[in-house]
Structure formats: C-alpha cells, structure tokens
Amino acid sequence: MEMMRAARLHAVGQPMRIEEVERPKASGSDVVVRVKACGMVPNLANVLANWETWYPQMPLPPRPAIHGLDPSGIVHEVGPQVVNLKPGDRVYVNPGRFCGACHHCSSGKPQACEHWTLGGYFGYNRKSLEMFARYPYGGFGEFMLAPQAQAIKIPDNMSFVEGSRLGYLGTSYAALKKCGPLMGKTLVINGATGTLGLGATLFALAMGIAKIYAVARGEKLLERLKAIAPDRIVTFSNVNGSSGSFVKEQTNGSGADLMLDTLGAKAPLDSMLDAMGGVKRGGRIVNIGGTSGALPVDVKWWMDEQMELIGSVWFTAAEGMEIAAMVEAGIIDMSVMSPMVWPLEKINDAISGVGKDEGGFTYYAVEL
C-alpha cells in the first residue's frame with residue numbers, strides 16, 4: 001500500500017488535518033494525477049461551516065473528506081483503457097463528475113446529468129454521493145483519481161498555480177458562450193470586480209464585445225478593471241444609485257444586449273434585480289453567481305419584453321480545452337491576476353486567510 005499526504009476535514013468547525021492516507025491507483029479509463037497546485041475557493045470557510053444549513057439538499061463529500069475544487073498537476077499513472085494521456089502530461093482536472101451514459105452526458109451537457117457533482121466541493125442532489133464514492137479525492141492531497149475525460153492538458157506558458165484558476169475562468173467563459181455571439185454586442189456584468197466578474201471581462205473582450213457596463217460596489221477596483229480596456233469598459237458603483245437606470249441612460253434608453261450576474265454566495269437579490277432593469281427588450285440574462293432566494297420578477301415584463309433568463313453551472317472539459325488554447329496563443333493574459341499561495345501544511349491558514357480586498361485580481365491556491 002502506497003501512502004500520500006492529504007488535508008482532511010473530519011467535522012464541521014474543526015481544522016483540517018494533514019494525514020497519511022492510501023494513494024489512489026489508476027484502473028479502467030481513470031488517471032492518477034500528482035497534484036502540484038489547487039485553487040482555494042474564496043468563500044471556502046463559509047461553505048465548510050454553513051453549506052449544510054444553507055443548502056441541505058446539496059451534499060458535501062462524506063467526512064473525513066479531502067476537499068479541493070481546482071487541481072492542476074502532472075499525470076502520474078494511467079489506467080489500461082486511457083487514450084491520449086500519458087505520465088508526465090501537465091493537466092488541469094475539471095472537478096465535474098457525472099454518469100457519462102445519460103442523454104445529457106452524451107449530448108455534451110453533463111451539468112444537466114442527475115449525477116452532476118463538483119468533486120472536492122459539493123453535490124447537487126443525493127445521487128452525488130455515488131460520485132463522491134467513486135472519486136473521493138479532491139485537490140488538497142498529493143495525488144488524486146480522475147476520469148480521463150476530465151483531465152485537460154494545459155500549455156507550458158500556464159503555470160500550475162495559474163491552472164488552478166481555471167475553474168472560475170471556465171465558469172465565466174461557459175456563461176458567455178450561452179449568451180450567443182458577442183461581436184459588437186453590449187454586456188452588463190453585475191459583480192464585475194469579483195472572481196467570476198473579472199474572468200468574464202477578460203473573455204468578453206477577447207470574444208469581441210463592443211462595450212461592457214461593469215457594475216460593482218468598490219470604485220477603486222472598478223478603476224482597476226476599467227484600465228484593462230478604457231475605451232470598452234464603462235464602470236458604475238451601485239453604491240451611488242441604480243445600475244439599471246445608469247445603463248439605460250448610457251444607451252439612450254434602450255439598455256444593453258446581455259447581462260451576466262456574477263455575485264457571490266448570499267449576495268442581495270435586489271442588486272441582481274436592479275441590474276436586470278438595464279437589459280434591453282429581447283435581451284438575455286445569464287446567472288453564474290451565488291445569489292439565492294425568490295426573485296420577484298414581473299412575469300408580464302418578462303413576457304412583454306421577450307426576456308431570457310438562463311442559469312449556467314461550471315463548464316465542460318471541451319470549454320476548458322478552448323481556454324487552454326487561448327492562453328497558449330496569448331489571447332487571454334492571466335498576468336492581470338496575482339496569486340496568493342500557501343503550502344499544504346498551512347491549509348488552515350489559507351482557509352482563514354483568504355481576503356477580498358483585491359476582488360478578482362487576487363486568487364488563492366495551495367501548492368503541493
């Protein structure tokens with residue numbers, strides 16, 4: 001039996017423990033990845049402490065659990081049915097887990113699978129427990145088991161720490177693709193200076209958006225965001241008034257073509273609802289944030305204005321490959337974001353030390 005170090009959570013409210021556990025072995029079409037870095041969810045402390053109260057229908061991994069949502073590393077071992085991956089390949093491991101056999105999975109829409117689960121983080125219903133049993137390893141351990149189809153090769157100009165940012169970038173990118181062609185369009189990003197909002201800004205610019213109306217609270221971070229593309233980003237602090245009214249004023253009363261809501265968990269719904277008022281007739285609104293609750297939308301407005309409201313969860317491996325190709329080609333420049341990194345031994349310091357002063361411009365990771 002070969003062993004490895006891993007950080008495990010034994011109970012809510014307790015610190016994670018660095019322990020020696022059995023190392024996974026590859027079989028079938030699975031691979032074992034030697035984890036080099038794993039992204040730290042900015043609100044992980046809140047999730048670990050409150051998730052089971054907030055969303056009891058969405059299970060966490062059974063404890064003791066190895067968490068860690070966004071791992072990147074090197075393929076260490078491959079199962080006998082693995083193709084196109086070999087030991088030594090640099091990869092990001094998409095934590096999406098699903099059955100692989102239903103109509104949704106076969107159609108390239110695994111997020112609609114009833115077994116859809118984010119490994120190392122949380123599930124979406126009780127069937128996620130089957131996925132946790134099959135793949136019990138998150139990224140806060142030296143090695144992890146993963147399906148070959150979820151190991152995405154990353155380019156040499158993407159470090160492992162940068163690779164651990166791919167989850168949030170991918171979530172933003174997948175949502176923008178659901179907006180349809182962006183060339184020449186206008187877009188409201190609500191929560192634009194956060195982790196998801198910054199990623200959405202970078203991809204929207206790369207995908208040809210004409211104008212971004214970036215909405216957030218802090219003016220300092222909004223100024224920093226505008227500096228990325230001063231001629232194409234218009235900023236507004238919703239501390240100063242209605243963001244929807246502001247966008248309408250900026251567009252001669254018409255509104256923007258599209259909107260992304262990227263606010264964090266438990267953010268106030270009134271901010272999202274207000275920003276929706278800045279979308280033009282026939283517009284499309286995609287939600288990828290963490291707001292929750294009953295949204296008091298006027299359904300007649302929804303019908304009369306021909307509005308579309310879409311929920312978008314995570315991203316596919318194919319979309320991850322597209323992002324890796326864009327980074328390799330220099331289309332997406334990750335240098336506007338700075339990492340804050342801890343060693344695995346400091347995992348509890350990392351969880352408690354994650355801050356939000358720099359919004360999405362700082363991201364967090366554990367190195368192994």
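The values are calculated or read from the model by the stated rules, or taken from the named source; none is laboratory data. This is a predicted model, so every value here is computed, not measured. Glycine gets a Cβ as well: all are built from the backbone with ideal geometry, and neighbour counts include every protein chain shown. SASA here: full protein model, heavy atoms, side chains in, ligands and nucleic acids out. Shrake-Rupley method; radii C 1.70, N 1.55, O 1.52, S 1.80 Å.
Miscellaneous remarks
- Cα-based helix-to-principal-axis angle, 44-54 vs the chain, degrees rounded to 10: 80 degrees
- Ordering of 159-167, 308-316, 330-338 by burial proxy (mean other Cβ atoms within 10 Å per residue, highest first): 159-167, 308-316, 330-338
- Separation of alpha-carbon centers, segment 207-228 and segment 137-158, rounded to whole Å: 32 Å
- Non-local Lys pairs in segment 171-311, i.e. 8 or more apart or on different chains, that have alpha carbons under 26 Å apart: 28
- Principal-axis analysis of the Cα atoms of the chain puts helix 166-178 at an angle of about 40° to the longest axis.
- Approximate shape of segment 215-368 as ellipsoid semi-axes (Cα gyration tensor, √5λ), whole Å, largest first: 31, 19, 18
- The convex hull built on the alpha-carbon positions of segment 34-160 has an orientation-averaged projected area of 8.3 nm².
- Inter-centroid distance (Cα atoms) of segment 62-130 relative to segment 265-287, Å: 31 Å
- Only DSSP H runs of four or more residues enter the estimate; each adds -39500 (n - 2.57), and after division by the residues of the chain the mean residue ellipticity at 222 nm equals -7500 deg cm²/dmol.
- Taking only the Cα atoms of segment 139-181, the radius of gyration and Dmax are 13.0, 41 Å.
- GNM flexibility winner over the chain from TYR55, TYR213, TYR135 (Cα, springs under 10 Å): TYR55
- Against the chain, whose longest principal axis is taken from its Cα atoms, helix 195-206 shows a tilt of about 70°.
- If you wrap segment 306-368 in the convex hull of its Cα atoms and look at it from every side, the mean projected area works out to 7.3 nm².
- Viscosity 1.306 mPa s, temperature 10 °C, Stokes-Einstein D of segment 220-273 from Kirkwood C-alpha radius, µm²/s: 126 µm²/s
- Legend: residues VAL35, VAL78, sorted from most to least accessible area (1.4 Å probe; ligands, DNA and RNA excluded), read VAL78, VAL35.
- Plainly put, the chain has a radius of gyration that is 0.97 times its Kirkwood radius, both from alpha-carbon atoms, as the Rg/Rh ratio.
- Per-selection Kirkwood Rh - segment 158-268 (Cα, Å, 1 d.p.): 14.1 Å
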